[in-house]
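Just below is one structure, and these are the notes that go with it.
The values are calculated or read from the model by the stated rules, or taken from the named source; none is laboratory data. Predicted model only: the values in this text are computed from it and were never measured. So basically every Cβ, Gly included, is an ideal-geometry build from the backbone, and we count neighbours across all protein chains shown. Accessible surface areas use protein heavy atoms only, side chains included; no ligands, DNA or RNA. Shrake-Rupley method; radii C 1.70, N 1.55, O 1.52, S 1.80 Å.
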Amino acid sequence: MKRLNVYLLTGRTIEQGRAKEYGKLSESYKDSVAVCFIDPSDMKKLKIKDNTHVRLTSDFGSIVLRALESTRAPHPGVVYVPYGFWVNQIVDPQTHSIGMPSFKGVPITIEPAPDESVPDIQEFLKEKYGGKLSESYK
């Protein structure tokens, strides 16, 4: 299966802000944040289409997201993921005394993941920590 070494950028989106009003456990929020915007030329190299799943892996973790063709191309070698739970799994948790992890220019590998699903927050936490969210978080 084809893999690419790329750089990760993160930030906020209007869709994310709108969906957050429904709550971070909502399907609307997941649909707006658990996505990866990829340059069309990189999508061709990976032999993937819009709305297919990809795995992003860094030195800090790995996560499956839904791939979307970027409308802000060209930017080959760079992928964009909105801030949120999913991207937090693959950025360096160290803040290097500035109080915020580095969300820009993180080297990652991206590859097709057609047989994998994008985890819900609840699924991920249960798998990783063996627990569930408290009612107060919902």
Hits in the stretch 3-29 - residues which are touching a residue at least 12 places away in the same chain (Cβ under 8 Å) and open to solvent by 100 Å² or more (accessible area, probe 1.4 Å): Arg3, Asn5, Tyr7, Arg12, Glu15, Arg18
Name the pairs: first residue in the stretch 74-94 and of a type in the set (Phe, Trp, Tyr), second residue assigned to a loop (DSSP other than H, G, I, E, B), Cβ to Cβ under 6 Å, at least 6 apart or on different chains? Tyr83/Arg12; Trp86/Ala34
Which of the following residues is on the phi < 0 side of the Ramachandran plot, modelled with pLDDT under 90 and of a type in the set (S, T, N, Q): Thr109, Thr52, Thr95? Thr95
Tell me the residue from Asp39, Asp59 that is open to solvent by less than 20 Å² (accessible area, probe 1.4 Å), closer than 24 Å to Asp92 by Cα and more than 12 Å from the chain's Cα centre (by Cα), please. Asp39
Result of the Cβ filter at 9 Å on the stretch 30-44, keeping first residues that are acidic (Asp, Glu) and partners that are assigned to a helix (DSSP H, G or I), at least 6 apart or interchain, is Asp31/Glu15; Asp31/Ala19
